[in-house]
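Down below is the structure, laid out as structure tokens.
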Amino acid sequence: MRTAIFTGTFNPFTIGHADIVERALNIFDKVVIGIGYNPDKEGTASVEERVEQIKSVYDGNGHVEVEAYMDMAADLAARHDAVAVVKGVRSVADYEYERNQAEYNRLLGDGLETVLFFSRPELSALSSSGVRTLQMFGKDTSKFLP
């Protein structure tokens with residue numbers, strides 16, 4: 001079984017994230033969504049709440065697992081015998097950030113590969129921080145969430 005991990009803070013988990021999971025499942029047998037603790041990113045929902053929210057999206061789908069983790073992505077990958085990290089890229093800035101992360105994951109994960117999915121044009125402006133801003137102003141964000 002070929003497993004990939006998809007890591008992030010996912011606060012909130014958007015339709016853009018869901019699109020990456022669905023596309024990754026075309027290549028991998030299983031995707032583990034790893035919700036990382038990141039003290040530098042303030043969130044509106046606790047990590048535990050995000051785990052439950054994302055689990056509800058994939059309820060009944062045996063090809064997707066969701067869990068929180070507090071260590072490195074390479075450690076999460078090792079626990080699941082994952083062969084790759086999947087990430088979404090919306091811009092050049094995302095690419096540069098993910099390229100650097102890929103190098104660390106390759107070094108720490110004994111050759112762990114990173115597979116980048118470029119966002120669909122209609123989703124390229126969508127971000128969790130943008131959704132949080134809309135929510136802060138009381139706007140309906142349901143069309144951006146799975």
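Per-structure values
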read-out	value
Long-range HN-HN contacts of THR114 with modeled amide H, under 5 Å	VAL85
For LEU145, distant residues with modelled amide H under 5 Å away	ILE15
Surface accessible to a 1.4 Å probe, per residue, for the residues of region 55-146, Å²	64 Å²
J(HN,Hα) series, region 130-140, from Karplus relation 6.51 cos²θ - 1.76 cosθ + 1.60, nearest Hz, glycine and proline x	x, 5, 4, 4, 4, 5, 4, 8, x, 7, 6
Filtered chymotrypsin sites (Phe, Trp or Tyr not before Pro), region 1-44: DSSP coil and at most 13 other beta carbons within 10 Å	TYR37
Value of relative contact order over region 36-146, rounded to a whole percent, pairs C-alpha under 8 Å and six or more apart	21 percent
Surface/4 of the Cα convex hull for the chain, nm²	8.5 nm²
Largest to smallest principal axis extent of the C-alpha atoms in region 55-124, angstrom	34, 33, 20
Principal-axis tilt of helix 47-57 within the chain, Cα atoms, nearest 10 degrees	90 degrees
Probe 1.4 Å, all protein chains present, accessible-area order of ASP94, ASP75, largest first	ASP75, ASP94
Region 11-56, accessible surface, carbon-and-sulfur percent (1.4 angstrom probe)	45 percent
Among the listed pairs LYS30/LYS87; LYS30/LYS143; LYS30/LYS55, those beyond 23 Å (Cα-Cα)	LYS30/LYS143
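The values are calculated or read from the model by the stated rules, or taken from the named source; none is laboratory data. Given the structure is predicted, the values throughout are model-derived calculations rather than measurements. Heads up, the Cβs are rebuilt from the backbone with ideal geometry, glycines too, and the neighbour counts pull from every protein chain shown. Heads up: the accessible areas ignore ligands, DNA and RNA and are worked out on the full protein's heavy atoms, side chains in. Shrake-Rupley method; radii C 1.70, N 1.55, O 1.52, S 1.80 Å.
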